[in-house]
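Structure provided below as C-alpha coordinates; questions to follow.
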Amino acid sequence: MRNFKTIIVTGGAGFIGSNFIRHIFEKSGYAGNVVNLDKLTYAGNLMSVGDIEKQYGGKRYFFERADICDFDSVTAVLKKYDADCVVHFAAESHVDRSILGPAEFVRTNLNGTFTMLEAVRSMWKDRKDVLFHHISTDEVFGSLGDQGYFFEDTPYDPRSPYSASKAGSDHLVMAYYHTYGLPVTLSNCSNNYGPYHFPEKLIPLMILNLFEEKPLPVYGDGMNVRDWLFVADHASAIYRIITDGNIGDKYNVGGENERPNIEVVNLLCEVAADKMGRPKDYYKKLITYVKDRPGHDRRYAINCDKLKKELGWKQSVTFDQGLALTVEWYMNNKEWVESVRSGEYRKWIDTNYDAR
Ligand code: NAD
Ligand code: TYD
(Lines give C-alpha, C1' and ligand atoms only; values in the text may rest on other atoms or scores of the structure.)
(Ligands and ions follow the chains in the order given, each with its own letter.)
Protein backbone atom coordinates (compact mmCIF):
# COMPACT_ATOMS: atom_id res chain seq x y z
CA MET A 1 0.00 0.00 0.00
CA ARG A 2 1.36 3.42 -0.97
CA ASN A 3 1.39 6.12 1.67
CA PHE A 4 1.84 9.76 0.70
CA LYS A 5 3.11 12.74 2.66
CA THR A 6 1.34 15.48 0.71
CA ILE A 7 -1.43 15.04 -1.84
CA ILE A 8 -2.21 17.92 -4.19
CA VAL A 9 -5.84 17.80 -5.27
CA THR A 10 -6.44 19.95 -8.36
CA GLY A 11 -10.03 21.15 -8.69
CA GLY A 12 -10.66 20.48 -4.99
CA ALA A 13 -13.24 23.29 -4.82
CA GLY A 14 -15.41 21.55 -7.42
CA PHE A 15 -18.05 18.87 -7.00
CA ILE A 16 -16.06 15.62 -6.95
CA GLY A 17 -12.79 17.16 -5.73
CA SER A 18 -14.43 18.60 -2.60
CA ASN A 19 -16.11 15.27 -1.85
CA PHE A 20 -12.77 13.51 -2.34
CA ILE A 21 -11.03 15.86 0.10
CA ARG A 22 -13.78 15.22 2.65
CA HIS A 23 -13.38 11.45 2.13
CA ILE A 24 -9.63 11.68 2.69
CA PHE A 25 -10.00 13.50 6.00
CA GLU A 26 -13.07 11.77 7.35
CA LYS A 27 -13.09 8.24 6.01
CA SER A 28 -9.77 7.10 4.59
CA GLY A 29 -7.43 7.08 7.59
CA TYR A 30 -4.88 9.14 5.60
CA ALA A 31 -2.55 10.98 7.99
CA GLY A 32 -0.68 13.35 5.65
CA ASN A 33 -1.38 16.79 4.21
CA VAL A 34 -3.75 17.86 1.44
CA VAL A 35 -3.28 20.91 -0.77
CA ASN A 36 -6.31 22.05 -2.73
CA LEU A 37 -5.06 23.71 -5.93
CA ASP A 38 -7.94 25.42 -7.72
CA LYS A 39 -8.40 28.42 -9.98
CA LEU A 40 -11.93 28.99 -8.63
CA THR A 41 -13.73 29.23 -11.94
CA TYR A 42 -17.54 29.54 -11.97
CA ALA A 43 -17.62 25.88 -10.79
CA GLY A 44 -15.19 26.27 -7.90
CA ASN A 45 -16.68 27.12 -4.55
CA LEU A 46 -14.70 27.23 -1.31
CA MET A 47 -17.93 26.82 0.66
CA SER A 48 -17.84 23.22 -0.54
CA VAL A 49 -14.76 22.66 1.63
CA GLY A 50 -15.67 25.15 4.38
CA ASP A 51 -15.97 22.41 7.03
CA ILE A 52 -12.56 20.99 6.10
CA GLU A 53 -10.91 24.43 6.17
CA LYS A 54 -12.40 25.03 9.63
CA GLN A 55 -11.16 21.78 11.09
CA TYR A 56 -7.85 21.19 9.30
CA GLY A 57 -6.96 24.53 7.69
CA GLY A 58 -3.34 25.55 8.23
CA LYS A 59 -2.60 22.21 9.91
CA ARG A 60 -3.15 19.46 7.37
CA TYR A 61 -5.26 21.26 4.75
CA PHE A 62 -4.07 24.15 2.57
CA PHE A 63 -5.66 26.07 -0.27
CA GLU A 64 -3.75 27.59 -3.19
CA ARG A 65 -5.48 29.54 -5.91
CA ALA A 66 -3.70 28.66 -9.15
CA ASP A 67 -4.40 27.92 -12.79
CA ILE A 68 -3.31 24.46 -13.96
CA CYS A 69 -2.29 26.06 -17.28
CA ASP A 70 0.31 28.21 -15.50
CA PHE A 71 3.52 26.16 -15.25
CA ASP A 72 5.30 28.53 -12.85
CA SER A 73 2.38 28.71 -10.39
CA VAL A 74 1.88 24.97 -10.38
CA THR A 75 5.59 24.28 -9.95
CA ALA A 76 5.76 26.75 -7.08
CA VAL A 77 2.92 24.94 -5.27
CA LEU A 78 4.50 21.52 -5.87
CA LYS A 79 7.81 22.79 -4.46
CA LYS A 80 6.29 24.69 -1.53
CA TYR A 81 4.58 21.58 -0.17
CA ASP A 82 7.05 18.98 -1.46
CA ALA A 83 4.10 17.03 -2.85
CA ASP A 84 4.51 13.33 -3.63
CA CYS A 85 1.05 12.74 -5.11
CA VAL A 86 -1.24 14.69 -7.44
CA VAL A 87 -4.89 13.76 -7.85
CA HIS A 88 -5.97 15.68 -10.91
CA PHE A 89 -9.67 16.65 -11.07
CA ALA A 90 -9.43 20.23 -12.37
CA ALA A 91 -11.28 20.53 -15.66
CA GLU A 92 -14.12 22.15 -17.50
CA SER A 93 -16.78 19.52 -16.93
CA HIS A 94 -20.09 20.39 -18.58
CA VAL A 95 -20.92 18.97 -22.02
CA ASP A 96 -23.48 21.72 -22.83
CA ARG A 97 -20.90 24.42 -22.12
CA SER A 98 -18.37 22.61 -24.32
CA ILE A 99 -20.84 22.80 -27.21
CA LEU A 100 -21.27 26.56 -26.73
CA GLY A 101 -17.58 27.32 -26.10
CA PRO A 102 -15.08 24.53 -26.81
CA ALA A 103 -11.94 26.71 -26.55
CA GLU A 104 -11.89 26.79 -22.74
CA PHE A 105 -12.19 22.99 -22.71
CA VAL A 106 -9.15 22.55 -24.93
CA ARG A 107 -7.21 25.08 -22.84
CA THR A 108 -8.05 23.65 -19.42
CA ASN A 109 -8.47 19.95 -20.08
CA LEU A 110 -5.75 19.46 -22.66
CA ASN A 111 -3.20 22.23 -22.06
CA GLY A 112 -3.88 22.22 -18.32
CA THR A 113 -3.24 18.49 -17.99
CA PHE A 114 -0.16 18.83 -20.19
CA THR A 115 1.13 21.62 -17.93
CA MET A 116 0.49 19.55 -14.80
CA LEU A 117 2.38 16.63 -16.34
CA GLU A 118 5.31 18.84 -17.30
CA ALA A 119 5.39 20.35 -13.82
CA VAL A 120 5.49 16.98 -12.02
CA ARG A 121 8.01 15.61 -14.52
CA SER A 122 10.38 18.50 -13.89
CA MET A 123 9.87 18.30 -10.11
CA TRP A 124 9.89 14.54 -9.56
CA LYS A 125 12.45 13.62 -12.25
CA ASP A 126 12.94 9.82 -12.00
CA ARG A 127 11.37 9.34 -8.56
CA LYS A 128 9.28 6.21 -8.24
CA ASP A 129 7.76 6.94 -4.81
CA VAL A 130 5.35 9.47 -6.34
CA LEU A 131 2.04 9.27 -8.22
CA PHE A 132 0.01 11.29 -10.70
CA HIS A 133 -3.62 10.12 -10.69
CA HIS A 134 -5.81 11.41 -13.50
CA ILE A 135 -9.60 11.58 -13.21
CA SER A 136 -11.41 10.99 -16.47
CA THR A 137 -14.82 10.07 -17.77
CA ASP A 138 -16.53 7.14 -19.48
CA GLU A 139 -17.59 9.63 -22.17
CA VAL A 140 -14.19 9.14 -23.86
CA PHE A 141 -15.45 5.72 -25.02
CA GLY A 142 -18.27 7.22 -27.07
CA SER A 143 -21.91 6.18 -27.29
CA LEU A 144 -23.31 2.66 -26.87
CA GLY A 145 -26.37 1.07 -28.49
CA ASP A 146 -28.83 -0.98 -26.43
CA GLN A 147 -26.22 -3.62 -25.60
CA GLY A 148 -22.66 -3.72 -24.29
CA TYR A 149 -20.41 -2.05 -21.76
CA PHE A 150 -17.28 0.09 -21.63
CA PHE A 151 -14.21 -1.88 -20.44
CA GLU A 152 -10.78 -0.49 -19.59
CA ASP A 153 -9.52 -1.51 -23.05
CA THR A 154 -12.51 -0.23 -25.06
CA PRO A 155 -11.16 1.96 -27.89
CA TYR A 156 -11.66 5.69 -27.44
CA ASP A 157 -14.37 7.33 -29.57
CA PRO A 158 -15.19 10.74 -28.05
CA ARG A 159 -17.99 12.70 -29.67
CA SER A 160 -18.37 16.01 -27.81
CA PRO A 161 -15.76 18.77 -27.40
CA TYR A 162 -15.76 17.90 -23.66
CA SER A 163 -15.11 14.19 -24.15
CA ALA A 164 -12.58 14.85 -26.92
CA SER A 165 -10.60 17.16 -24.62
CA LYS A 166 -10.72 14.57 -21.83
CA ALA A 167 -9.66 11.81 -24.25
CA GLY A 168 -6.67 13.89 -25.31
CA SER A 169 -5.69 14.47 -21.69
CA ASP A 170 -5.93 10.71 -20.96
CA HIS A 171 -3.61 9.98 -23.90
CA LEU A 172 -1.09 12.52 -22.62
CA VAL A 173 -1.11 10.93 -19.16
CA MET A 174 -0.46 7.47 -20.61
CA ALA A 175 2.20 8.91 -22.92
CA TYR A 176 4.08 10.29 -19.90
CA TYR A 177 3.94 6.86 -18.28
CA HIS A 178 5.27 5.05 -21.36
CA THR A 179 7.77 7.69 -22.50
CA TYR A 180 9.13 9.15 -19.28
CA GLY A 181 8.26 6.41 -16.78
CA LEU A 182 6.12 8.84 -14.75
CA PRO A 183 4.19 6.78 -12.16
CA VAL A 184 0.53 7.28 -13.12
CA THR A 185 -2.88 5.76 -12.56
CA LEU A 186 -6.04 6.76 -14.41
CA SER A 187 -9.74 6.28 -13.72
CA ASN A 188 -12.73 6.64 -16.06
CA CYS A 189 -15.97 7.07 -14.17
CA SER A 190 -19.63 7.35 -15.01
CA ASN A 191 -22.03 10.20 -14.10
CA ASN A 192 -21.59 11.26 -10.47
CA TYR A 193 -24.36 12.66 -8.29
CA GLY A 194 -24.59 13.77 -4.66
CA PRO A 195 -23.93 16.78 -2.39
CA TYR A 196 -22.16 19.93 -3.66
CA HIS A 197 -23.07 19.25 -7.31
CA PHE A 198 -23.21 22.47 -9.35
CA PRO A 199 -26.84 22.96 -10.45
CA GLU A 200 -26.19 23.01 -14.19
CA LYS A 201 -26.06 19.20 -14.31
CA LEU A 202 -29.17 17.01 -14.62
CA ILE A 203 -29.79 15.86 -11.03
CA PRO A 204 -29.15 19.07 -9.02
CA LEU A 205 -30.84 21.18 -11.69
CA MET A 206 -33.97 19.03 -11.46
CA ILE A 207 -33.93 19.05 -7.63
CA LEU A 208 -33.71 22.84 -7.39
CA ASN A 209 -36.34 23.35 -10.11
CA LEU A 210 -38.63 20.92 -8.26
CA PHE A 211 -38.34 22.89 -5.03
CA GLU A 212 -39.49 26.00 -6.90
CA GLU A 213 -42.02 24.15 -9.04
CA LYS A 214 -40.28 25.30 -12.24
CA PRO A 215 -40.30 23.24 -15.49
CA LEU A 216 -38.02 20.16 -15.55
CA PRO A 217 -36.33 20.29 -19.00
CA VAL A 218 -35.77 16.79 -20.41
CA TYR A 219 -33.70 16.71 -23.61
CA GLY A 220 -35.06 14.85 -26.67
CA ASP A 221 -37.16 11.78 -25.87
CA GLY A 222 -35.70 11.35 -22.37
CA MET A 223 -34.46 7.85 -23.27
CA ASN A 224 -30.72 8.60 -23.22
CA VAL A 225 -29.16 6.30 -20.66
CA ARG A 226 -26.52 7.19 -18.06
CA ASP A 227 -24.90 5.09 -15.32
CA TRP A 228 -25.18 6.93 -11.98
CA LEU A 229 -22.43 6.76 -9.36
CA PHE A 230 -22.83 8.26 -5.87
CA VAL A 231 -19.99 10.75 -5.43
CA ALA A 232 -18.85 9.36 -2.04
CA ASP A 233 -18.43 5.95 -3.70
CA HIS A 234 -16.34 7.54 -6.43
CA ALA A 235 -14.18 9.18 -3.75
CA SER A 236 -13.56 5.86 -2.00
CA ALA A 237 -12.66 4.26 -5.36
CA ILE A 238 -10.08 6.94 -6.11
CA TYR A 239 -8.47 6.51 -2.71
CA ARG A 240 -8.28 2.72 -3.27
CA ILE A 241 -6.64 3.30 -6.66
CA ILE A 242 -4.04 5.81 -5.49
CA THR A 243 -2.99 3.63 -2.57
CA ASP A 244 -3.22 0.16 -4.15
CA GLY A 245 -3.79 0.43 -7.90
CA ASN A 246 -1.20 -0.89 -10.35
CA ILE A 247 1.08 1.81 -11.70
CA GLY A 248 0.32 2.49 -15.37
CA ASP A 249 -3.17 0.94 -15.11
CA LYS A 250 -6.60 2.33 -15.92
CA TYR A 251 -9.64 1.57 -13.77
CA ASN A 252 -13.31 2.00 -14.65
CA VAL A 253 -15.51 3.29 -11.82
CA GLY A 254 -19.28 2.89 -12.17
CA GLY A 255 -22.49 2.78 -10.22
CA GLU A 256 -23.76 -0.32 -12.10
CA ASN A 257 -26.96 1.62 -12.18
CA GLU A 258 -28.12 2.47 -15.70
CA ARG A 259 -31.23 4.57 -16.11
CA PRO A 260 -32.92 6.47 -18.93
CA ASN A 261 -33.03 10.17 -18.02
CA ILE A 262 -36.82 10.24 -17.83
CA GLU A 263 -36.74 7.49 -15.21
CA VAL A 264 -34.26 9.51 -13.12
CA VAL A 265 -36.47 12.60 -13.34
CA ASN A 266 -39.61 10.61 -12.42
CA LEU A 267 -37.80 9.09 -9.43
CA LEU A 268 -36.63 12.54 -8.30
CA CYS A 269 -40.22 13.79 -8.50
CA GLU A 270 -41.32 10.91 -6.27
CA VAL A 271 -38.52 11.36 -3.72
CA ALA A 272 -39.20 15.11 -3.53
CA ALA A 273 -42.96 14.53 -3.18
CA ASP A 274 -42.29 12.13 -0.32
CA LYS A 275 -40.00 14.62 1.47
CA MET A 276 -42.36 17.56 0.92
CA GLY A 277 -45.49 15.67 1.96
CA ARG A 278 -47.07 15.92 -1.52
CA PRO A 279 -48.98 13.24 -3.48
CA LYS A 280 -46.58 10.83 -5.28
CA ASP A 281 -47.13 12.24 -8.79
CA TYR A 282 -47.48 15.89 -7.75
CA TYR A 283 -44.28 17.17 -9.39
CA LYS A 284 -44.47 15.10 -12.59
CA LYS A 285 -46.64 17.75 -14.26
CA LEU A 286 -43.47 19.91 -14.36
CA ILE A 287 -41.67 17.54 -16.76
CA THR A 288 -41.15 19.37 -20.05
CA TYR A 289 -39.56 17.79 -23.12
CA VAL A 290 -37.20 20.26 -24.81
CA LYS A 291 -34.98 20.35 -27.92
CA ASP A 292 -32.27 17.68 -27.84
CA ARG A 293 -28.58 18.38 -27.21
CA PRO A 294 -26.59 18.27 -30.51
CA GLY A 295 -24.62 15.02 -30.78
CA HIS A 296 -26.31 13.69 -27.62
CA ASP A 297 -24.63 10.36 -26.72
CA ARG A 298 -27.37 7.72 -26.45
CA ARG A 299 -26.11 5.35 -23.80
CA TYR A 300 -23.20 4.97 -21.38
CA ALA A 301 -22.70 1.76 -19.37
CA ILE A 302 -19.57 0.81 -17.51
CA ASN A 303 -18.03 -2.46 -16.45
CA CYS A 304 -16.05 -1.92 -13.24
CA ASP A 305 -15.25 -5.56 -12.40
CA LYS A 306 -11.49 -4.86 -12.48
CA LEU A 307 -11.74 -2.34 -9.63
CA LYS A 308 -14.02 -4.65 -7.64
CA LYS A 309 -11.93 -7.79 -8.13
CA GLU A 310 -8.42 -6.32 -7.90
CA LEU A 311 -8.96 -3.66 -5.24
CA GLY A 312 -12.00 -4.98 -3.36
CA TRP A 313 -14.00 -1.80 -3.93
CA LYS A 314 -17.78 -1.72 -4.00
CA GLN A 315 -20.58 0.84 -4.04
CA SER A 316 -22.07 1.65 -0.64
CA VAL A 317 -25.54 2.90 -1.55
CA THR A 318 -28.38 1.95 -3.90
CA PHE A 319 -29.66 4.58 -6.32
CA ASP A 320 -32.83 5.07 -4.22
CA GLN A 321 -30.73 5.68 -1.11
CA GLY A 322 -28.31 7.97 -2.95
CA LEU A 323 -31.11 10.04 -4.47
CA ALA A 324 -32.86 10.38 -1.09
CA LEU A 325 -29.58 11.50 0.52
CA THR A 326 -29.02 13.98 -2.29
CA VAL A 327 -32.50 15.52 -2.18
CA GLU A 328 -32.18 15.82 1.62
CA TRP A 329 -28.79 17.48 1.26
CA TYR A 330 -30.18 20.15 -1.06
CA MET A 331 -33.12 20.70 1.34
CA ASN A 332 -30.79 21.10 4.32
CA ASN A 333 -28.09 23.21 2.71
CA LYS A 334 -30.01 26.28 1.64
CA GLU A 335 -27.06 28.59 2.35
CA TRP A 336 -24.83 26.77 -0.15
CA VAL A 337 -27.65 26.60 -2.69
CA GLU A 338 -28.54 30.27 -2.34
CA SER A 339 -24.94 31.43 -2.61
CA VAL A 340 -24.45 29.39 -5.78
CA ARG A 341 -27.73 30.42 -7.36
CA SER A 342 -27.36 34.11 -6.56
CA GLY A 343 -23.67 34.22 -7.43
CA GLU A 344 -22.87 35.46 -3.90
CA TYR A 345 -20.05 32.89 -3.65
CA ARG A 346 -18.33 34.63 -6.58
CA LYS A 347 -18.39 37.96 -4.77
CA TRP A 348 -16.82 36.32 -1.74
CA ILE A 349 -14.03 34.92 -3.91
CA ASP A 350 -13.43 38.27 -5.60
CA THR A 351 -13.20 40.02 -2.22
CA ASN A 352 -10.81 37.47 -0.78
CA TYR A 353 -8.64 36.68 -3.79
CA ASP A 354 -7.18 38.68 -6.65
CA ALA A 355 -9.48 38.73 -9.65
CA ARG A 356 -8.10 36.56 -12.45
P1 NAD B 1 -16.58 20.73 -11.46
O2 NAD B 1 -16.88 21.50 -12.70
O3 NAD B 1 -17.61 20.66 -10.37
O4 NAD B 1 -15.25 21.29 -10.79
C5 NAD B 1 -14.11 21.59 -11.52
C6 NAD B 1 -13.13 22.29 -10.60
O7 NAD B 1 -11.91 22.56 -11.34
C8 NAD B 1 -13.64 23.65 -10.09
O9 NAD B 1 -13.37 23.78 -8.72
C10 NAD B 1 -12.84 24.66 -10.91
O11 NAD B 1 -12.63 25.89 -10.24
C12 NAD B 1 -11.53 23.91 -11.13
N13 NAD B 1 -10.83 24.38 -12.33
C14 NAD B 1 -11.33 24.54 -13.58
N15 NAD B 1 -10.38 25.03 -14.40
C16 NAD B 1 -9.25 25.15 -13.66
C17 NAD B 1 -7.93 25.59 -13.95
N18 NAD B 1 -7.59 26.03 -15.17
N19 NAD B 1 -7.01 25.57 -12.96
C20 NAD B 1 -7.34 25.14 -11.72
N21 NAD B 1 -8.58 24.74 -11.38
C22 NAD B 1 -9.53 24.74 -12.35
O23 NAD B 1 -16.17 19.28 -11.96
P24 NAD B 1 -16.47 17.84 -11.32
O25 NAD B 1 -17.82 17.43 -11.73
O26 NAD B 1 -16.09 17.86 -9.89
O27 NAD B 1 -15.43 16.95 -12.15
C28 NAD B 1 -14.12 16.73 -11.67
C29 NAD B 1 -13.38 15.83 -12.65
O30 NAD B 1 -14.09 14.61 -12.82
C31 NAD B 1 -13.21 16.43 -14.04
O32 NAD B 1 -11.94 16.10 -14.53
C33 NAD B 1 -14.30 15.73 -14.87
O34 NAD B 1 -13.92 15.64 -16.22
C35 NAD B 1 -14.32 14.37 -14.20
N36 NAD B 1 -15.60 13.66 -14.30
C37 NAD B 1 -16.74 14.21 -13.79
C38 NAD B 1 -17.94 13.51 -13.85
C39 NAD B 1 -19.20 14.04 -13.24
O40 NAD B 1 -20.23 13.34 -13.28
N41 NAD B 1 -19.21 15.21 -12.64
C42 NAD B 1 -17.97 12.25 -14.46
C43 NAD B 1 -16.80 11.75 -15.01
C44 NAD B 1 -15.60 12.45 -14.90
P1 TYD C 1 -25.40 16.03 -17.60
O2 TYD C 1 -25.73 16.09 -16.14
O3 TYD C 1 -25.15 17.32 -18.32
O4 TYD C 1 -24.18 15.03 -17.75
P5 TYD C 1 -23.51 14.38 -19.10
O6 TYD C 1 -23.93 15.17 -20.26
O7 TYD C 1 -22.05 14.51 -18.81
O8 TYD C 1 -23.98 12.95 -19.13
O9 TYD C 1 -26.58 15.31 -18.34
C10 TYD C 1 -27.00 13.98 -17.98
C11 TYD C 1 -28.06 13.56 -18.98
O12 TYD C 1 -29.22 14.36 -18.77
C13 TYD C 1 -27.67 13.75 -20.41
O14 TYD C 1 -28.21 12.69 -21.19
C15 TYD C 1 -28.32 15.06 -20.80
C16 TYD C 1 -29.57 15.08 -19.95
N17 TYD C 1 -30.07 16.40 -19.52
C18 TYD C 1 -31.42 16.76 -19.68
O19 TYD C 1 -32.23 15.97 -20.21
N20 TYD C 1 -31.83 17.97 -19.22
C21 TYD C 1 -30.98 18.88 -18.64
O22 TYD C 1 -31.42 20.00 -18.28
C23 TYD C 1 -29.60 18.51 -18.46
C24 TYD C 1 -28.62 19.47 -17.83
C25 TYD C 1 -29.20 17.25 -18.92
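Hey, got the dipole for the stretch 254-356? About the Cα centre, +1 on K and R Cβ, -1 on D and E Cβ, debye to the nearest 20? Mind showing how you got there, number by number?
Details: 19 positive and 17 negative charges, 51 e Å.
Computed charge dipole of the stretch 254-356: roughly 240 debye.
Quick one: plug the Kirkwood hydrodynamic radius of the chain (C-alpha pairs) into Stokes-Einstein at 37 °C, 0.692 mPa s, and report D in µm²/s.
Values: Rh = 20.7 Å.
Once the numbers are plugged in, D ends up at 159 µm²/s.
Something else about it: When a/c is below 1.5 the answer is rounded, else prolate if a/b is larger than b/c, else oblate, so apply that to the stretch 81-197 with a ≥ b ≥ c taken from the square roots of the Cα gyration tensor eigenvalues. Don't skip to the answer; put the middle values down first.
Working: a/c = 1.87, a/b = 1.55, b/c = 1.21.
In terms of gyration-tensor shape, prolate.
Moving to a separate point now. For the stretch 9-65, rounded, prolate or oblate, judged on the Cα gyration tensor with a ≥ b ≥ c (square roots of eigenvalues), a/c < 1.5 rounded, else prolate if a/b > b/c?
Numbers: a/c = 1.80, a/b = 1.52, b/c = 1.18.
It comes out prolate by the Cα gyration axes.
Within 12 Å, Cβ to Cβ, of LEU144, how many net charges do the neighbouring residues add up to if Lys/Arg are +1 and Asp/Glu are -1?
Values: positive: ARG159, ARG226, ARG298, ARG299; negative: ASP138, GLU139, ASP146, ASP157, ASP227, GLU258, ASP297.
Residues close to LEU144 contribute a combined charge of -3.
If you average 1/r over every pair of different alpha-carbon atoms in the stretch 214-277 and take one over that average, what Kirkwood value in Å do you get? Spell out each step's value before the answer.
Numbers: mean 1/r = 0.0695 Å⁻¹.
For the stretch 214-277, inverting the mean 1/r across all distinct Cα pairs yields 14.4 Å.
While we're on this one: Taking a ≥ b ≥ c as the square roots of the eigenvalues of the Cα gyration tensor of the stretch 286-356, is the shape rounded (a/c under 1.5), prolate (a/b larger than b/c) or oblate?
Details: a/c = 1.78, a/b = 1.48, b/c = 1.20.
In terms of gyration-tensor shape, prolate.
Further question: Enter the Cα centre distance for the pair the stretch 247-265 and the stretch 147-224, rounded to the nearest angstrom.
After rounding, the separation between the Cα centres reads 9 Å.
Further question on the same structure: Using only the alpha carbons, work out the radius of gyration and Dmax of the stretch 1-114 in angstrom.
14.1, 43
For the stretch 250-319, report the % of Cα-Cα distances exceeding 18 Å.
Working: 1413 of 2415 pairs.
Here the long-distance tail beyond 18 Å is 59 percent of all Cα pairs in the stretch 250-319.
For the stretch 305-343 and the stretch 60-129, what is the centre-to-centre distance using only Cα atoms, to the nearest Å?
Here the answer is 25 Å between Cα centres.
Select from the chain the helices, each a whole stretch of DSSP H, whose alpha-carbon atoms run 24 Å or more along the helix axis and whose Kyte-Doolittle mean is at least -0.5; answer none if there are none. Intermediate results must be reported in sequence, preceding the final value.
Values: long enough: 161-180 (28 Å, -0.44).
The answer, listed by residue number, is 161-180.
Identify which of MET223, MET47, MET174 has the largest mean-square fluctuation in a Gaussian network model of the chain, with springs joining Cα atoms closer than 10 Å.
With Cα springs under 10 Å in the chain, the top fluctuation among MET223, MET47, MET174 is at MET223.
As a test of the formula, what do you get for the chain when each DSSP H run with n ≥ 4 contributes -39,500 (n - 2.57) and the sum is divided by the residue count, at 222 nm and rounded to the nearest 500 deg cm²/dmol?
Details: 13 runs with 145 residues, N = 356.
After summing the helix terms and dividing by the residues of the chain, the value is -12500 deg cm²/dmol.
To continue, here is another question. Can you compute the radius of gyration and Dmax for the stretch 147-245, using only the Cα atoms, both in Å?
For the stretch 147-245, the Cα-based Rg and Dmax read 17.1, 54 Å.
Restricting everything to alpha-carbon atoms, can you work out Rg to Rh for the stretch 199-356 with a Kirkwood hydrodynamic radius? Don't jump to the answer; show the numbers that get you there.
Numbers: Rg = 18.3 Å, Rh = 17.9 Å.
Dividing the radius of gyration by the Kirkwood radius yields 1.02.
Please report the net charge: other residues with Cβ closer than 15 Å to the Cβ of ASN33, K and R +1, D and E -1.
Once all neighbours under 15 Å are counted, the net charge is +1.
Which listed residue (ALA272, MET123, ALA90) has the Cα farthest towards the positive end of the charge dipole for the chain, taking +1 on Lys and Arg C-beta and -1 on Asp and Glu C-beta about the Cα centre?
Positive-end residue among those listed: MET123.
Hey, what's the chain come to in accessible area per residue, 1.4 Å probe, Å²? Each step should come with its number before you reach the end.
On the way: 14780 Å² over 356 residues.
Normalised by residue count, the accessible surface of the chain is 42 Å².
The values are calculated or read from the model by the stated rules, or taken from the named source; none is laboratory data. Every value quoted in this text rests on a predicted model; they were computed, and no experiment measured them. As a convention, Cβ positions derive from the backbone with ideal geometry for all residues, glycine included, and neighbour counts pool all protein chains shown. Protein only, heavy atoms only, side chains kept; ligands, DNA and RNA dropped before computing areas. Shrake-Rupley method; radii C 1.70, N 1.55, O 1.52, S 1.80 Å.
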